[in-house]
Amino acid sequence: MIWYPYAQMKTMKAPYKVVDAQGVYLYTEDGHKLIDSVSSWWCVIHGYCQPDITAAMQEQMQRFSHVMLGGLTHDAVERLSAKLADWLPGDLDYCFYSDSGSVAVEVALKMALQYYVNRGETQRTKVLALTHAYHGDTFKAMEVGDDEDYHFILEAYGPKTRVINIPTEIPALEEAFARHHAELNCFIVEPLLQGAGGMRMYDISFLQRARELCDEYGVLLVFDEVATGFGRTGHRFVADVVLPDILVLGKALTGGHIGHAVTVAGKKVYSGFYSDSPTHALMHGPTFMGNAVACAAAYQSIRLFEEGNYLEKIKRIESIMKREMHGFTDPRIREIRVMGGCLCVEVTEPGVLAGFQEFAYERGVFNRPFLCCLYAMVPYIITEDELVKICDTMKAWFRR
């Protein structure tokens, strides 16, 4: 039996069975053709079965699918690493790979802690994070999160003692640094767009001030761009605007064709581990880190993003969503928000969205609302007509 995610198995509705997927469409066993409005949890930015990515994966598999990076290396990981070092902003040049975004966040948090331990600053054991943060479902990622709808299990451990969560308000940020800076090893954020915590959007000025305070007090700034990276906020990466010390990427890294993630450190962080002492090494090593097939997919995904003028595609998507949803009102809607490739219709209470998934399914759209959020994070290859159909389906729900 399959144990499905985020579901009470006793009461869950049977999932839709997909038998094929091409472009923005999912094809189900019962004959439905569905526009995937959420890009399979936000990762399938080029659509399904993208031919260049598929060919790159097949070519690599004909040589070998995987070798460990412990004592071995290969062309695919070297090529991807060189590409990321060249492509990413600033001195974010040092790539540590893993197999999922949650694990990549764990690596970033471990890096931040050990960076200071290596320097003898063992009092820096606390992490500053955001209210409504979500960084994944592994344990340290859950701890720095602030989403009891997903992570209520941590209540069994009692109150948090090593994580401070603050709202995205500059006075709260400044107060936290003034009070806790000597204990902090890092400040971790989902920059500009908080995904699973409610598709919350905030201003770049908050991150600019965070960068200043991290520099002033010697605290590492970590950007979790697992969800926000590769254009989702309208920026290629938010790191292009405000440079972090550590950047975490996943989801769209491979265009959603296979799982892979990377934690990218700047020179200052990497230098904190570069030593003659064995105890200064980062003792971490996921089995499938730097997987050759995943690296081949990621390299092609980046090439497509570069050569396909994707930031213009995302501007067009943002413009269409704003045009279609601007001014739409209903007493049950609290707010409509659009940023880059993300649309969120926040409703007054979760019951408002009960039944929407089935409603959309019958109209040729796959969507999966959560909490009070009816949202879309579409593949970037979507056409205007397909995007309008998603928006029309959302509006039809409130007009029925």
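The values are calculated or read from the model by the stated rules, or taken from the named source; none is laboratory data. In this text the structure is predicted, and so the values were computed from the model without any measurement. So basically every Cβ, Gly included, is an ideal-geometry build from the backbone, and we count neighbours across all protein chains shown. Keep in mind that these areas ignore ligands, DNA and RNA; they rest on the heavy atoms of the full protein, side chains included. Shrake-Rupley method; radii C 1.70, N 1.55, O 1.52, S 1.80 Å.
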*asked:* Can you confirm whether G47 is in contact (Cβ under 8 Å) with a residue 40 or more places away in the chain, of a type outside the set (A, V, I, L, M, F, W, C) and in contact with a strand residue (DSSP E or B) (Cβ under 6 Å, 6 or more places away or on another chain)?
replied: yes
*asked:* If I ask for residues that are among the small types (G, A, S) and closer than 17 Å to G255 by Cβ, which ones from the stretch 6-41 would you list?
replied: A21, G23, S39, S40
*Within the stretch 34-63, track down each residue that is open to solvent by 70 Å² or more (accessible area, probe 1.4 Å) and at positive phi.*
W41
*Out of the residues in the stretch 8-33 that are open to solvent by 90 Å² or more (accessible area, probe 1.4 Å) and assigned to a loop (DSSP other than H, G, I, E, B), state the one that is farthest from N367 (Cα to Cα).*
K10
*Are there any pairs, at least 6 apart or on different chains, whose C-beta atoms fall under 6 Å, with the first in the stretch 274-293 and under 18 Å from T73 (Cα atoms) and the second among the polar types (S, T, N, Q), and if so, which?*
P286/S98; M289/S98; A292/Q60; V293/Q60; V293/S65
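From I320, I258, which residue is assigned to a loop (DSSP other than H, G, I, E, B), aliphatic (A, V, I, L, M) and surrounded by fewer than 23 Cβ atoms within 10 Å (Cβ to Cβ)? Lay out the reasoning, then the answer.
Numbers: I320 fails: assigned to a loop (DSSP other than H, G, I, E, B).
Every option except I258 fails the conditions.
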*Can we say E306 is within 30 Å of L72 (Cβ to Cβ) and either modelled with pLDDT under 95 or open to solvent by 30 Å² or more (accessible area, probe 1.4 Å) (or both)?*
yes
_Checklist (1) touching a Cys at 6+ places or on another chain (Cβ under 6 Å); (2) without any contact (Cβ under 8 Å) to a residue 40 or more places away in the chain; (3) closer than 30 Å to H284 by Cβ applied to A82, failing item_ = (1)
_Breaking point among (1) open to solvent by 60 Å² or more (accessible area, probe 1.4 Å); (2) more than 26 Å from N165 (Cβ to Cβ); (3) part of a loop (DSSP other than H, G, I, E, B), for H235_ = (2)
*Which number in (1) part of a helix (DSSP H, G or I); (2) within 20 Å of the chain's Cα centre (by Cα); (3) closer than 30 Å to A296 by Cβ marks the one condition that Y270 misses?*
(2)
*If you scan the stretch 80-99, which residues turn out to be open to solvent by less than 40 Å² (accessible area, probe 1.4 Å), outside any helix (DSSP H, G or I) and in contact with a strand residue (DSSP E or B) (Cβ under 8 Å, 6 or more places away or on another chain)?*
L88, L92, C95, F96, Y97, S98
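So, of the residues in the stretch 374-385 that are crowded, with 20+ Cβ neighbours inside 10 Å and not aromatic (F, W, Y), which turns out to be nearest to T348 (Cα to Cα)?
It comes out as L374.
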*Look at F328 and say whether it is aromatic (F, W, Y), closer than 16 Å to G234 by Cβ and either surrounded by 14 or more Cβ atoms within 10 Å (Cβ to Cβ) or in contact (Cβ under 8 Å) with a residue 60 or more places away in the chain (or both).*
no
*asked:* Checking E335 against (1) exposed (fewer than 14 other Cβ atoms within 10 Å of the Cβ); (2) out of contact with any Asp or Glu (no Cβ under 7 Å at 6 or more places or on another chain): exactly one of these is not met. Which one?
replied: (2)
_For the stretch 89-111, give me each residue that is farther than 18 Å from Y134 by Cα and touching a Cys at 6+ places or on another chain (Cβ under 9 Å)._
Y97, M111
